[in-house]
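Following: one structure in structure tokens, then a few remarks.
The values are calculated or read from the model by the stated rules, or taken from the named source; none is laboratory data. Since we're looking at a predicted model, the values are computed, not measured. Glycine gets a Cβ as well: all are built from the backbone with ideal geometry, and neighbour counts include every protein chain shown. Ligands, DNA and RNA are stripped out before the accessible areas are found, and what is left, the full protein with its side chains, is counted by its heavy atoms. Shrake-Rupley method; radii C 1.70, N 1.55, O 1.52, S 1.80 Å.
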Amino acid sequence: MTDPQTNFDKDEPLSPEAEAVLAKARRRAGLSMLVMMVGFMAVVLAVVYRLATMGSDVTDQYALQSIALPEGAQVISAQVQDGLVTVTYGAESGQAIRIFDGETGEMVREIAVVGE
């Protein structure tokens with residue numbers, strides 16, 4: 001009786017049909033890996049692009065160089081948000097809040113702060 005292990009140790013050549021099936025499987029695996037790599041590269045490029053252009057949005061919104069406040073006014077606080085610059089200041093006439101357009105520097109609104 002023959003030993004079953006000895007049949008597995010021998011490298012028998014594959015039939016042409018089996019070699020064709022293996023070659024087709026290798027091509028499909030290679031193609032799927034290529035598509036996966038292209039997709040991965042696209043995601044990495046999108047992330048790098050977003051990180052590179054993220055800072056320029058802020059500088060485009062706030063292009064003003066100076067703002068106008070009454071003479072002798074002291075700035076209490078200043079905030080920037082949504083393209084607007086909000087300045088709270090105190091002057092001889094009292095406290096007030098001025099809201100400026102961050103791109104043009106024009107005053108949008110002035111709000112007087114009064115006591116109750």
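Quick notes on this one:
- Environment charge at Leu69 (Cβ cut-off 12 Å; Lys +1, Arg +1, Asp -1, Glu -1): -1
- Computed over the chain: relative contact order in percent, which uses C-alpha pairs under 8 Å that are six or more apart: 15 percent
- Accessible area of the chain divided out per residue, in Å², using a probe of 1.4 angstrom: 86 Å²
- Against the chain, whose longest principal axis is taken from its Cα atoms, helix 16-61 shows a tilt of about 10°.
- Sorted on the mean count of surrounding Cβ atoms within 10 Å across their residues, most packed first, peptides 14-25, 84-95 read 84-95, 14-25.
- Shown for the chain: the carbon plus sulfur share of the solvent-accessible area, taken with all protein chains present and a 1.4 angstrom probe, equals 59%.
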